[in-house]
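S.K.: Would you mind keeping the following structure in view while I ask a few things?
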Ligand SMILES: CC(C)(COP(=O)(O)OP(=O)(O)OC[C@H]1O[C@@H](n2cnc3c(N)ncnc32)[C@H](O)[C@@H]1OP(=O)(O)O)[C@@H](O)C(=O)NCCC(=O)NCCS
């Protein structure tokens, strides 16, 4: 399936860029705002800015050409094999346009370059829409916790289907 068939057209040009600590600090209010309503634990500024292994080398943001941040994937390196996504969120007005998928694929691409083999994440049992989304792009259950499912997908598989940037005109 081609990228165009896989994804609806975006309303404007969006770039996927590395989310550095400096950018996360600048955008923290917008990140908190777009995350309100996410099922499960609420993320405040301290969560977005918390220090974790390789976090600022792996995390990615979706940015409109005029500079507005509209999505983010926060990831870290818990061990040599895995890149773990702690948070994935797209601004409500921009959901369903392929941006979340491209953020996950961008994390996988950077993880693969750093020789990780899997992308892992947890999804709340209540978040059935997010679970469907992850399964559609290739994640499978590898374990469970009391209220979360642990999912994993191959970095190589996710990265192979990624675009260098998400640009639709
Ligand atoms: C889950 C999320 C990151 C997906 O990002 P996205 O840019 O909308 O994703 P894509 O356009 O690449 O794919 C759309 C998929 O997201 C799912 N989705 C979840 N909430 C959605 C919403 N409000 N609007 C549109 N799609 C939504 C849909 O099920 C859709 O799956 P489908 O293609 O199988 O029908 C985004 O919907 C979001 O930010 N949700 C709230 C935060 C959240 O639940 N994060 C995951 C926590 S584990």
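S.K.: For 151, 157, which order do you get if you count the other beta carbons within 10 Å of each Cβ and list the fewest first?
M.R.: Ascending Cβ contact count within 10 Å gives the list 157, 151.
S.K.: How large is the helix-only mean residue ellipticity at 222 nm for the chain, computed as the sum of -39500 (n - 2.57) over DSSP H runs with n ≥ 4, divided by its residue count, in deg cm²/dmol to the nearest 500?
M.R.: Rounded to the nearest 500, the figure is -9500 deg cm²/dmol.
S.K.: Could you check which residue among 37, 96, 138 shows the biggest mean-square fluctuation in a GNM of the chain with a 10 Å Cα cutoff?
M.R.: Maximum among the listed residues: 37.
S.K.: Given R₀ = 35 Å, FRET efficiency for residue 128-residue 50 by Cβ-Cβ distance, to 0.05?
M.R.: 0.80
S.K.: Just want to confirm a number: the relative contact order over the stretch 12-160, from Cα pairs under 8 angstrom separated by 6+ residues, in percent.
M.R.: Relative contact order comes out at 20 percent.
S.K.: For a quick check, take a GNM of the chain with Cα springs below 10 Å and name the residue from 61, 159, 30 with the largest mean-square fluctuation.
M.R.: Checking each option, the largest mean-square fluctuation is seen for 30.
S.K.: Here's something else I'd like to know. Considering only the chain, what is the antiparallel percent among its DSSP beta bridges, to the nearest 5?
M.R.: Of the beta bridges lying entirely in the chain, close to 85 percent run antiparallel.
S.K.: Under the rule a/c < 1.5 gives rounded, and otherwise a/b versus b/c splits prolate from oblate, where does the stretch 22-115 land using the Cα gyration tensor?
M.R.: In terms of gyration-tensor shape, prolate.
S.K.: Tell me the label-point distance for the pair residue 93, residue 144, using the 7 Å Cα-to-Cβ offset, in nm and rounded to one decimal.
M.R.: Spacing of the two 7 Å Cα→Cβ label points: 3.9 nm.
Quick note: the coordinates plus some simple rules give every number you see, no bench work behind them. Everything quoted here is computed from the prediction, not taken from an experiment. Positions of Cβ are generated from backbone atoms using ideal geometry, with glycine treated the same way; all protein chains shown enter the neighbour counts.
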